[in-house]
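Here the structure is laid out as structure tokens; the discussion comes afterwards.
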Amino acid sequence: PASGGGGSRKSASIEGIKDIIAVASGKGGVGKSTTAVNLAVALAKTCKLKVGLLDADVYGPSIPTLMKLEGKPEVNEDMKMIPMKNHDVWCMSIGFLIGKDAPVVWRGPMVMSALEKLTRGVAWGELDILVIDMPPGTGDTQLTISQRLRLSGALIVSTPQDIALIDARRGANMFRKVQIPILGLIENMSCFKCPHCREKTYIFGHGGARKTAEEMGMEFLGEIPLEVEIRSSSDEGSPIVVSAPSSEAAEAYNEIAQRV
Ligand code: ADP
């Protein structure tokens, strides 16, 4: 990833981190967290980078489950939280700090102060890249994160469905408004691959994401199929790039990691 890229932005980066990229989606449930996790692990294992993963989805933190991490982070002598590591990636999530079933019923300012702690209150050390699993949508939190951290770029995840692509456009426009470069669009759940006959079914339509990317001048980074193994490996905390590294999905994630 290109270093720096601050340009005329007034935002500040986090000490010791070369690049910060956001994985975003206009809608929830399209596979943003799954993509963020698999890309972070691919960047660490395949691209041999020092990688951090920040769960900024404060209302629905899923990184602890997806990365099979639990417990509370320890604090160092500077009172900074030490991130937790699995699959070669250093992780931080609000999920480590609150109970598993506790609802997060915070208003905007509390969310922002929590995110401040989860970014600058963490002893990240020297990282090549910090991947941020953003909250879904284009609200205040997303805007503030984009402006306060010096994001090198944003990746947009969408399903091929029109209704998701409309929101993906909104997400892309939000980043453009605050001058964050868009690294590209990833189509998740592009087709269903039957585990028996391997035939492909385009449940959510076909070609829409590529067309949207073209229309909006974004790079189309690749397609991830809808596969049982992606879901089951995620639930077990062993992302598909680790559990089935030679699968088509893992290869697609590795290719995207090499391109960003
Ligand atoms: P988001 O972060 O956008 O809310 P998640 O990454 O949490 O979405 O994914 C929502 C659900 O869909 C999860 O259960 C996840 O395992 C599943 N999922 C995501 N992508 C795929 C895929 N390509 N194939 C199968 N299941 C998927």
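Rule-based calculations on the coordinates, nothing more; no lab input. Note that the structure is a prediction, hence the values are computed from the model and not measured. Because the Cβ atoms are built from the backbone with ideal geometry, glycine has one as well, and the counts that use them run over all protein chains shown.
Sparsely packed loop sites in the stretch 152-250 (the GluC sites (Glu not before Pro) outside DSSP H, G, I, E and B with at most 16 other Cβ atoms within 10 Å) comprise Glu199, Glu219, Glu236.
Ranking Trp90, Thr141, Leu185 by Cα position along the charge dipole of the stretch 21-259, where only Lys, Arg, Asp and Glu carry charges on their C-beta atoms, puts Thr141 farthest toward the positive end. Between Arg170 and Lys72, the contour length at 0.36 nm per residue exceeds the alpha carbon distance by 31.7 nm.
Antiparallel beta bridges, as assigned by DSSP with both residues in the stretch 21-259, represent about 20 percent of the total such bridges.
Pairwise Cα distances in the chain exceed 34 Å for 11 percent of all pairs.
Full extension of the segment from Lys200 to Lys100, taken as 0.36 nm per residue of separation minus the current Cα-Cα distance, would add 32.3 nm.
Only helical runs count toward this figure. For the chain, summing -39,500 (n - 2.57) over DSSP H runs of n ≥ 4 and dividing by all residues gives -10000 deg cm²/dmol at 222 nm. Rounded to the nearest 20 debye, the dipole magnitude of the chain is 620 debye, with +1 charges on Lys and Arg beta carbons, -1 on Asp and Glu beta carbons, and the Cα centre as origin. Packing-based ranking of 86-98, 105-117 yields 86-98, 105-117, ordered from highest to lowest mean Cβ neighbour count within 10 Å. Distance from the Cα centroid of the stretch 172-226 to that of the stretch 91-106 is 30 Å (rounded to whole angstrom).
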